[in-house]
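Here is the structure we will look at, set down as structure tokens.
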């Protein structure tokens, strides 16, 4: 391992090289973890404000200017609450679950490139790392549900696991598209491949699929049947109180924003926007862009009603999964064809190299891929609309029959 | 002499996780906890893969074992719950413990120590360069590489999936008929 | 770097623990967990031997055999996943029919 920056300074100051390396790595890890954890404090405020506006309320506005300090007040309240562990709970696992849940989200940030020069770890398996780490969250919920020794918690956990495991499939297939276009699983390489053209224009369908399945992964409406208050009381976290509940809560809030950041990296070009060469501005662009999917996610959460579990499963297995597979296959085929025609920029070894191409060079390829995506969508949207019309007609008929029966 | 640097300490941490988790699996009375211990153990194995410069395998290990197999095990434990709280954990406890210890002793004394222990050749990897994940991907689908085993593996997975569905489903329908 | 023999010792210990689990546990699910441990022990061996024994001819042009250890380990994942899926399906079916997950008690076919 090389020793630069802080490590170098420490070594020159007379610190043992091994210790210097350890300290600099530790500091890096702390920084990478701190950024999301500080962000989440303000995210909770933003989310509550947006939700309030959508529901025609004011939202938190008492503590501090614009209610900015509300989260801190809530934090103190949560910390001061009695920390209850049910008598029949599995003590060790019960306490480990909230930690694991938050860790699963915080770990994703290790591969997030904050700026062109600052990234926790530029793994060449970054995308795979994200999928692997995110699956820890599923396990955390399963543990929480089982360790609480409560039937509502267990039922909630079963639902979550069924939901998360199913929606991981379209998520991974949608993730494959930017990986395929960039020719790399490294998050940094994926961003660099979008220097000329964002992937959302080349593969809008994959972007939408990724967004929908990541919305399901966070367990937000319309997929919030995991905590469906009216049926399950609160779902898997029913027995949790105080800061342990707060950690599940924070993990969920952070997960939504993390998904926004990931969509930005994978489809919206990361920090690419005028002025990205300067670290602070690049960081700002990443954050601002991440708010686009984040805001849409909140918008959906606050306006769409909850689905039933069978509807959610059907939607996944009969719609998202086949569509995402078809999408990957068609895209791969088209890219191969375009490469034969010579519309895809390649490097000297003949491999696809989008990073070196400009906007104009990428335009023909983008147009073809965009049109193909639209062509995939048109029949599907038509079919969905027809299904909706049929179902509504059937329900209408049923209602009139019932009304007639009641009239008799 | 062995240098106590970063990778050595990491090796010990992961080795303890692996073996401690494994002991937890075989000794725990509660099967759900056993599953969690299994995950700890397999996470340790993933750490060992990282130390052996195979990060791809480590990520796949976490994804496949913790993301999929752990969930399968927890479901199986809960679906067969009423009888998993058995008072008798073991059959043939002492013979199998003796057998396992003997096996370990035989492997270490008979094979590992004489063949690899004192051999200077095996103190260091031969080459510092390691093949990347890209190379692995190419090797898996190239004609002179492993494309045939790769296809066979996918057939195996498809077969296993269909088999699992058929096995678990048949009973369902029989029960419904009864 | 840690010498190869240390990895082999860890893997041998893991395998022995797995063998103990398979031989001694009564519950079928626990037996499957033991098998998982044994498979992982084999996998550590494969990757360790690959890392310590492979000579790399040229940095730029990989020969497939230089990746054999990783490829074998990847196939082991496939086998392990298939084994768990089918094994647990069998255990659940057995449980439905016999109300038991203890392999010794499911002996209807014995004469």
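Any read-out appearing in this document is the output of simple, stated calculations on the displayed coordinates, not a laboratory observation. Predicted model, so just to flag it, every value in this text is computed and none were measured. FYI the Cβ positions are ideal-geometry reconstructions off the backbone, even for glycines, and counts take in every protein chain you see.
In this simple spin-label approximation, residue A:370 and residue A:91 carry label points 7 Å from Cα along the Cα→Cβ vector, and these lie 6.2 nm apart.
With Cα atoms defining each centre, segment A:103-134 and segment A:288-362 are spaced 20 Å apart in the structure. Restricted to Cα atoms, segment A:251-316 shows a radius of gyration and a Dmax of 15.2, 49 angstrom. Working from Cα positions, state the angle (0 to 90°, nearest 10) between the long axis of helix C:68-98 and the longest principal axis of chain C. Tilt of helix C:68-98: around 10 degrees. Summary of packing: across the peptides A:320-332, A:199-211, the per-residue average of other C-beta atoms within 10 Å ranks them, highest first, as A:199-211, A:320-332. Note on chain B: with a GNM built from Cα contacts shorter than 10 Å, the maximum mean-square fluctuation among B:112, B:36, B:162 falls on B:162. Volume per residue of the convex hull around the Cα atoms, evaluated for chain C, comes out as 123 Å³. Residue separation of residue A:26 and residue A:302 scaled by 0.36 nm, minus their Cα-Cα distance, works out to 95.4 nm of gained length.
A Förster radius of 51 Å combined with the Cβ-Cβ distance from residue A:406 to residue A:69 puts the calculated FRET efficiency at roughly 0.35.
Would segment B:1-84 count as rounded, prolate or oblate if I go by the C-alpha gyration tensor, calling it rounded below 1.5 in a/c and otherwise prolate when a/b exceeds b/c, oblate otherwise? Oblate, because a/c is 1.5 or more while a/b does not exceed b/c. All C-alpha to C-alpha distances of chain A, sorted into 10 Å bins beginning at zero, yield P(r) values of 4, 19, 27, 25, 16, 7, 1, 0, 0, 0 percent in whole numbers. GNM on chain B, alpha-carbon springs under 10 angstrom: the most fluctuating residue among B:136, B:98, B:38 is B:98. Seen from a random direction on average, the alpha-carbon convex hull of segment A:298-408 projects onto 11.1 square nanometres.
Contact order, relative form, for segment A:64-141: 29 percent (alpha carbon pairs under 8 Å, 6 or more residues apart, mean separation divided by residue count). A Stokes-Einstein calculation at 4 °C with viscosity 1.567 mPa s, built on the Kirkwood radius of segment A:135-220 over Cα pairs, returns a diffusion coefficient of 90 µm²/s.
Averaging the Cα positions of each part gives two centres, and for segment A:171-202 and segment A:253-275 these lie 12 Å apart. For the protein assembly as shown, the pair-distance distribution built from all alpha carbon pairs, in bins 20 Å wide starting at 0, is 15, 48, 32, 4, 0 percent. Across the alpha-carbon atoms of segment A:181-340, the computed radius of gyration and Dmax are 18.2, 60 angstrom. Each helix, a run of at least 4 DSSP H residues, gives -39500 (n - 2.57); summed and divided by the residues of chain B, these come to -21000 deg cm²/dmol at 222 nm.
Annotation: extensible slack from residue A:356 through residue A:337 equals 4.8 nm (criterion: 0.36 nm per residue apart, minus Cα-Cα distance). Legend: mean number of C-beta atoms from other chains within 10 angstrom of residue C-beta atoms, peptide A:157-165, equals 2. Peptide packing for C:29-40, A:271-282, A:365-376, A:149-160 was compared via the average number of neighbouring C-beta atoms within 10 Å per residue; ordered from the highest value, the list is C:29-40, A:149-160, A:365-376, A:271-282. The long axis of helix B:31-51 is offset from the longest Cα principal axis of chain B by roughly 30 degrees. Per residue of C:92-103, other chain Cβ atoms within 10 Å of the residue Cβ number 5 on average. Take each residue of peptide B:29-39, count the partner chain Cβ atoms within 10 Å of its Cβ, and average: the result is 5. Over the residues of chain A, the helix contribution to mean residue ellipticity at 222 nm works out to -24000 deg cm²/dmol, using -39500 (n - 2.57) for each DSSP H run of at least 4. Expressed in units of 2.2 N^0.38 Å, where N is the residue count, the Cα radius of gyration of chain B is 1.34.
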